Amino acid sequence: MALSADTPIQTGIETDVALAARGDASAFERLYRTHVARIHSLTRRMLSSDEADEVTQDIFVRTWQKLSQFRGDSAFTTWLHRLAVNVVIERRRTFAIQRERMAPDPAVLDSLPVAPPRADLKVDFEHAIGQLPPGAREVFLLHDVEGYKHREIAVMLGVATGTSKRQLHRARMLMRKHLNG
Amino acid sequence: MHEEWTDKLSEYLDDELSPRERQAVESHLRGCAECAAVLDDLTRVVERAQRLDRRPPRADLWDGIAARIETRGAAPRRVSFTLPQLAAAAVVLIAASAGIAWQFADRAASRSDIARSTEAQSRASSGYEALAEREPSAERSNIDIAHVSFADAQYDAAVSDLEKALQNGRRRLDKTTIAIVEHNLQIIDQAIEQARQALETDPANDYLSGHLVEARRRKLDLLRRAAALTTESD
């Protein structure tokens with residue numbers, strides 16, 4: 001379904017998407033407020049707290065620019081999230097993190113520092129994710145936190161499905177070690 | 001802990017093993033408390049990951065986004081006409097152009113006593129060229145159409161600016177719209193050229209001057225409207 005003047009009136013997010021695609025900044029602000037927590041959490045975990053604000057803004061500006069290309073084949077939230085993941089991956093590649101992501105390094109399982117348990121378990125878990133090697137963290141976040149399948153992750157990252165599976169297991173084992181530490 | 005088994009636990013957890021592999025893992029887990037404990041730990045890790053909060057940024061980022069989308073303009077959208085609208089526009093312009101051409105040709109042919117009006121109706125430009133070629137070159141070189149108000153530098157500059165604006169914004173128009181606009185501009189340009197050439201043979205003809213002015217006004221108007229389409233949502 002292409003967005004046009006003939007698009008039927010819908011409710012909620014769909015209405016705001018249709019309005020924003022026609023240039024309504026207020027509708028786009030509502031979309032921003034609905035989705036910013038998820039997008040910012042993704043960027044913060046995939047990149048860093050320092051970069052999260054700037055990249056989140058980039059993602060929403062990119063979304064605004066590409067709204068006319070959204071054809072409604074999937075839910076807007078799914079489309080936006082995929083766009084956000086692409087921007088984040090692009091950013092990681094820019095900083096050449098990607099280059100070392102899939103380097104085989106079995107010793108890393110033993111080298112990850114075990115953080116002392118914290119009172120706030122949620123913060124502790126987030127901190128542990130931040131300590132994962134880049135490649136393992138990327139796959140762990142996309143699979144276990146964001147819910148993507150290995151075949152989707154493989155396409156996003158340009159790796160084999162088997163590589164994605166190995167990185168996920170590696171990440172889970174590191175997280176297990178960290179939490180049991 | 002048996003790595004050959006624990007290496008399969010994530011895939012076991014995600015239900016990505018073949019039935020045969022799955023059965024083998026389950027058989028091992030029944031007899032190995034250590035590997036079963038690893039599986040429990042991995043299950044906890046996955047559950048924790050799925051329960052992670054989604055937190056908004058500490059500062060509201062909207063103002064920065066709003067500033068950037070305002071600077072860069074509104075969401076680019078493709079502007080398109082319906083086919084009936086496009087067809088109607090094309091028909092009107094072609095008819096107008098053909099009408100002007102026919103009248104130019106008819107008057108010019110009468111004045112120079114050359115019976116070429118039929119040819120001029122069907123192929124106006126060649127008719128004018130034929131007429132112009134019959135005039136003495138000295139007369140043609142002295143033709144002054146400066147009194148045509150749309151033939152000044154200001155007009156040319158306005159057309160040039162609008163053509164640039166249209167060129168810069170053409171990605172916002174769909175291909176069909178671009179094709180129709182360009183085709184119509186071509187028709188108007190042809191009408192302008194025909195009027196200009198007819199005036200070369202009959203420079204004092206107010207009727208032709210009026211048509212040249214009208215054709216140029218029409219071009220300016222079409223360019224303005226086409227350029228406006230490219231920025232309509234800004």
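The values are calculated or read from the model by the stated rules, or taken from the named source; none is laboratory data. Since we're looking at a predicted model, the values are computed, not measured. Please note: Cβ atoms are built from the backbone with ideal geometry, for glycine as well, and neighbour counts cover all protein chains shown.
Within the stretch A:20-48, being more than 9 Å from chain B (Cβ to nearest Cβ) and at pLDDT below 90 holds for one residue alone: A:Ser48. One residue stands out among those in the stretch A:163-181 that are free of Cβ contacts under 8 Å to residues at least 40 places away in the same chain and more than 8 Å from every other protein chain (Cβ to nearest Cβ): the one that is nearest to A:Thr94 (Cα to Cα), which is A:Ser164.
A residue that is more than 10 Å from chain A (Cβ to nearest Cβ), touching a helix residue (DSSP H, G or I) at 6+ places or on another chain (Cβ under 6 Å) and surrounded by fewer than 19 Cβ atoms within 10 Å (Cβ to Cβ) can be found somewhere in the stretch B:6-17.
Every residue, every condition in (1) modelled with pLDDT of 95 or more; (2) among the aliphatic types (A, V, I, L, M); (3) under 20 Å from A:Leu47 (Cα atoms), yes or no:
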site	(1), (2), (3)
A:Gly72	no, no, no
A:Arg92	no, no, yes
A:Asp105	no, no, no
A:Leu109	no, yes, no
A:Val114	no, yes, no
A:Asp124	no, no, yes
A:Leu141	yes, yes, yes
A:Gly158	no, no, yes
A:Lys177	no, no, no
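Taken over the stretch A:149-162, the criterion of being without any contact (Cβ under 8 Å) to a residue 40 or more places away in the chain and surrounded by 18 or more Cβ atoms within 10 Å (Cβ to Cβ) is satisfied by A:His150, A:Ile153, A:Ala154.
Selection of the stretch B:221-231 for residues being crowded, with 16+ Cβ neighbours inside 10 Å and not hydroxyl-bearing (Ser, Thr, Tyr) yields B:Leu222, B:Leu223, B:Ala226, B:Ala227, B:Leu229.
Of the residues B:Ala49, B:Ala59, the single one that is within 30 Å of A:Ala52 (Cβ to Cβ), surrounded by 13 or more Cβ atoms within 10 Å (Cβ to Cβ) and of a type in the set (A, V, I, L, M, F, W, C) is B:Ala49.
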